[in-house]
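First the structure, in the form of structure tokens, and then the observations on it.
Computed from the coordinates by the stated procedures, all read-outs in this text should not be read as laboratory data. Since this is a predicted model, take the numbers as computed values, not measurements. Here the Cβ positions follow ideal geometry from the backbone for every residue, glycine too, while neighbour counts run over all protein chains shown.
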Amino acid sequence: MHNSPRIFPVAVALLVFAGSAFAAAPGSYKVSATLSHSGTPFAAPSAVVLPGQPASIEVSGADGYKIMLTVTDIAADRIQVVAQVNSAYGSMDPTLVVHPNQPASVSVGDLKLELSVSRSGG
């Protein structure tokens, strides 16, 4: 039972974001992320994001983090993601241009953010 306090916030966050996936609005994006430190993943959140509107994912605890995302279309084959990442392992403020359903990543020091973005219905 020693890990119970850490499991509860993560479980709540997963339920909130899993529920939001069922309510995906037309024109929205599903963003899946992986955060890692020194090659070891410590978080793998996902969220449904509306175009041009900031969204955030936050989890507290020893491996806590907050990711803020703003996603916009650039072209049929390109999506821009402006991200802010604050974690127990460091911070970064990258802007990535990704292809739909293709992973893209950025690293700052030992902190790495990998993203995959898909449009609703695709």
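Here are some notes:
- Looking only at region 77-91, and only at residues there that are closer than 15 Å to Lys112 by Cβ and more than 13 Å from the chain's Cα centre (by Cα), the one that is surrounded by the most Cβ atoms within 10 Å (Cβ to Cβ): Tyr89
- The sole residue among Ser118, Ser46 that is out of contact with any Lys or Arg (no Cβ under 6 Å at 6 or more places or on another chain) and among the hydroxyl-bearing types (Ser, Thr, Tyr) is Ser46.
- Residues of region 30-59 satisfying the condition of being outside any strand (DSSP E or B) and crowded, with 17+ Cβ neighbours inside 10 Å: Pro45
- Count of residues meeting criterion [in contact (Cβ under 8 Å) with a residue 40 or more places away in the chain and closer than 16 Å to Gly27 by Cα] in region 44-67: 1
- Pairs where the first residue, in region 68-97, is on the phi > 0 side of the Ramachandran plot and the second is assigned to a strand (DSSP E or B), C-beta under 8 Å, 6+ apart: Gly90/His37; Gly90/Val108; Gly90/Leu111
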